[in-house]
Amino acid sequence: MSRSPDPHWWHYQTLTSTNDQAKLLAAGDWLKNGSVIIADEQTHGRGQQNTAWLSKAGESLTCSFVYFPNFLKASDQFYLNMIVTLGIVEALKAHFKSYGDSFAIKWPNDILLKEKKLGGILIENLLEGAYLQQAVVGIGINLNQTLMGKELPGAISLRQLTGRHHNPLSLVEILKDAIDNQYTMLRDGNKSKIYNGYLNNLYLFHRWHQFKAANGKTFQGCISGINNYGNLLIVDKANQTRAFGLKEIQF
Ligand code: BTN
């Protein structure tokens, strides 16, 4: 039996990482499906590919949602990345309506605002046989930073968009509703709707662009989709479709 997402909140002032705390709480059987762990500040936040995720108190939303998607095959686990990024982007578009077109997903996991990085996700799964047992979905969103243009030219915050301060607790509620809805859609088997929603919000989907492959060679290509393993599919000028994993392609 799979449980529906249920609001269950754990709010801390300081944690090493909300993902680590989520795993500890889950191991102690403290969590319900859809529980939220949120910290005002992380001392050892983690990003994709063993990077550090740095943020000062009050500057970012740093949280983890925990799900127990025992209906989901391990081979379909990229659907979790899709529902989370799609939920975040759809929620941001609906909330910041006048800037709607400025938000996008950059494959596989980045949230873009005006083609700059607004946030990212780090999903850590536990498997049981061929199925998922537990998914810890870590989310980091830049809210109130102002210096990013100088320090990190590729990053942006919501404050830089709107000129005002943003409260992490208000935003997390908006994201939670949207991601829970996507989760329910996945549980109900609406995979094609999720896939199409992901592609409709995907940065550079169906647009020609110069990519750089892992061998250092650049080529003109057009993103045409994602395969079952979550690899990015790019059609080149010779009309060949090529599949790329995470470290195999640069935009
Ligand atoms: C990325 O590299 O883009 C992913 C960043 C994910 C950061 C979030 S912040 C909350 C959660 N806890 C962590 O330690 N990491 C994730």
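The values are calculated or read from the model by the stated rules, or taken from the named source; none is laboratory data. Quick caveat: nothing in here was measured; it's all calculated off a predicted structure. Every residue, glycine among them, receives a Cβ derived from its backbone with ideal geometry; neighbour counts consider all protein chains shown.
What to note about this one:
- Set Glu128, Glu90, Glu115: member being within 16 Å of the ligand (Cβ to nearest atom) and of a type in the set (Asp, Glu): Glu115
- Filtered by the rule that a residue be over 13 Å from Ile105 (Cα atoms) and either touching a residue at least 40 places away in the same chain (Cβ under 8 Å) or among the basic types (Lys, Arg) (or both), the range 195-222 gives Arg207, His209, Phe211, Lys212, Lys217.
- Residue list for the range 165-189, filter: out of contact with any Pro (no Cβ under 7 Å at 6 or more places or on another chain), closer than 17 Å to Asn70 by Cβ and crowded, with 20+ Cβ neighbours inside 10 Å: Leu186
- Contact map, the range 154-176: residues that are closer than 15 Å to Ile139 by Cβ paired with residues that are at pLDDT 95 or above and assigned to a helix (DSSP H, G or I), Cβ distance under 6 Å, separation 6+ or inter-chain. Pairs shown: His166/Leu158; Ile174/Ala91; Ile174/His95; Leu175/Ile88; Leu175/Ala91.
- Total residues in the range 42-66, condition free of Cβ contacts under 8 Å to residues at least 60 places away in the same chain and within 11 Å of the ligand (Cβ to nearest atom): 7
- Residue in the range 25-35 that is within 13 Å of the ligand (Cβ to nearest atom) and not in a helix (DSSP H, G or I) present: no
- Residue, farthest from Gly47 (Cα to Cα), within the range 198-251, restricted to residues that are in a strand (DSSP E or B), within 21 Å of the chain's Cα centre (by Cα) and among the aromatic types (Phe, Trp, Tyr): Phe205
- Subset of the range 13-24 (residues that are assigned to a strand (DSSP E or B) and away from the ligand (no atom under 12 Å from the Cβ)): Gln13, Thr14
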